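K.L.:
Before anything else, here's the structure in question.
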Amino acid sequence: MPTPIWQPCENYTAGRDGTTVDRIVIHYIVGTLAAADATFADPDSGVSAHYGIGEGSFHQYVSEINTAWHAGNWAMNQRSIGIEHSADPDRAPTEATYQTSIDLCVRICREYGLNPQTQIIPHSSVVTTACPGTVDLQRIRDAVESRL
Ligand SMILES: [Zn+2]
């Protein structure tokens, strides 16, 4: 498991108001990891995620003990860890991006006791959005399940 590199980000709420983490929300950036870095570093964007993966890099923006602003739904933000993947509508994540994401999800599922088939969810299940687009969510679920 590679160690994430911290990136500047002030777009989060301290703590989770006592809420237990029971979901991983999967996102796609619609752009590269550098685009996510820039957006999450901008206080005016009002958005963030815990992790971002792409172009061979693995970044962390918000501590898992804090609430990131990624799901478009406050209750879901409080109960979830958000992971962004470098991809576009016509560009799927790379193999390296999938492998890092799977490694990360394995660690999170073990730590919080999550069922990957039901507790790793697409952003589109929370709000109306095309996200996570070209990310093959079922592939991530199945790979994680095989390693638990
Ligand atoms: Zn999303």
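The values are calculated or read from the model by the stated rules, or taken from the named source; none is laboratory data. Since we're looking at a predicted model, the values are computed, not measured. All Cβ positions, glycine included, derive from the backbone under ideal geometry; neighbour counts span all protein chains shown. In case anyone asks, the SASA skips ligands and DNA or RNA and just uses the protein heavy atoms, side chains included. Shrake-Rupley method; radii C 1.70, N 1.55, O 1.52, S 1.80 Å.
K.L.:
At a Förster radius of 22 Å, what calculated FRET efficiency corresponds to the Cβ-Cβ distance of GLU10 and ALA75, to the nearest 0.05?
P.N.:
The computed FRET efficiency comes out at 0.50.
K.L.:
Hey, another quick one. Under a 1.4 Å probe, what is the accessible area of the stretch 5-147 per residue, stated in Å²?
P.N.:
Heavy-atom SASA per residue in the stretch 5-147 reads 43 Å².
K.L.:
Measure off 7 Å from each Cα along the Cα-to-Cβ vector at THR3 and GLU111, then give the distance between these two points in nanometres to one decimal.
P.N.:
Reported label-point gap for THR3 and GLU111 is 1.4 nm.
K.L.:
Going from most exposed to least, what order do THR129, THR3, THR100 have by accessible area with a 1.4 Å probe?
P.N.:
Values: THR129 50, THR3 115, THR100 25 Å².
I get THR3, THR129, THR100, largest accessible area first.
K.L.:
Taking the Cα of ASP44, stepping 7 Å toward and past its beta carbon, and measuring to each backbone N in the stretch 67-105: which are under 14 Å?
P.N.:
Counting backbone N atoms under 14 Å from the label point, the list is empty.
K.L.:
ASP136 accessible area, nearest 10 Å², 1.4 Å probe?
P.N.:
For ASP136, the solvent-accessible surface is approximately 70 Å².
K.L.:
Right, something else. Which listed residue (ALA41, SER57, HIS70) has the Cα farthest towards the positive end of the charge dipole for the stretch 23-99, taking +1 on Lys and Arg C-beta and -1 on Asp and Glu C-beta about the Cα centre?
P.N.:
Among ALA41, SER57, HIS70, the one farthest towards the positive end of the dipole of the stretch 23-99 is HIS70.
K.L.:
Treating the beta-carbon of each Lys and Arg as +1 and of each Asp and Glu as -1, no other charges, what is the dipole magnitude of the stretch 1-48 about its Cα centre, to the nearest 20 debye?
P.N.:
200 debye
K.L.:
I've got another one for you. In debye, nearest 20: dipole of the chain around its Cα centre with unit charges on the Cβ of K, R (+) and D, E (-)?
P.N.:
With only Lys, Arg, Asp and Glu charged at Cβ, the dipole is about 440 debye.
K.L.:
Which value, in Å² and to the nearest 10, is the accessible area of HIS123 when all protein chains are kept and the probe is 1.4 Å?
P.N.:
Around 20 Å² of this residue is reachable by solvent.
K.L.:
Of the heavy-atom accessible surface of the chain (probe 1.4 angstrom), what whole percent is carbon and sulfur?
P.N.:
The C+S portion of the solvent-accessible surface of the chain is 51 percent.
K.L.:
If we count every other residue with Cβ under 13 angstrom of ALA96's Cβ, Lys/Arg +1 and Asp/Glu -1, where does the sum land? Working shown, then result.
P.N.:
Working: positive: none; negative: GLU55, GLU95, ASP103.
My count for the surroundings of ALA96 gives -3.
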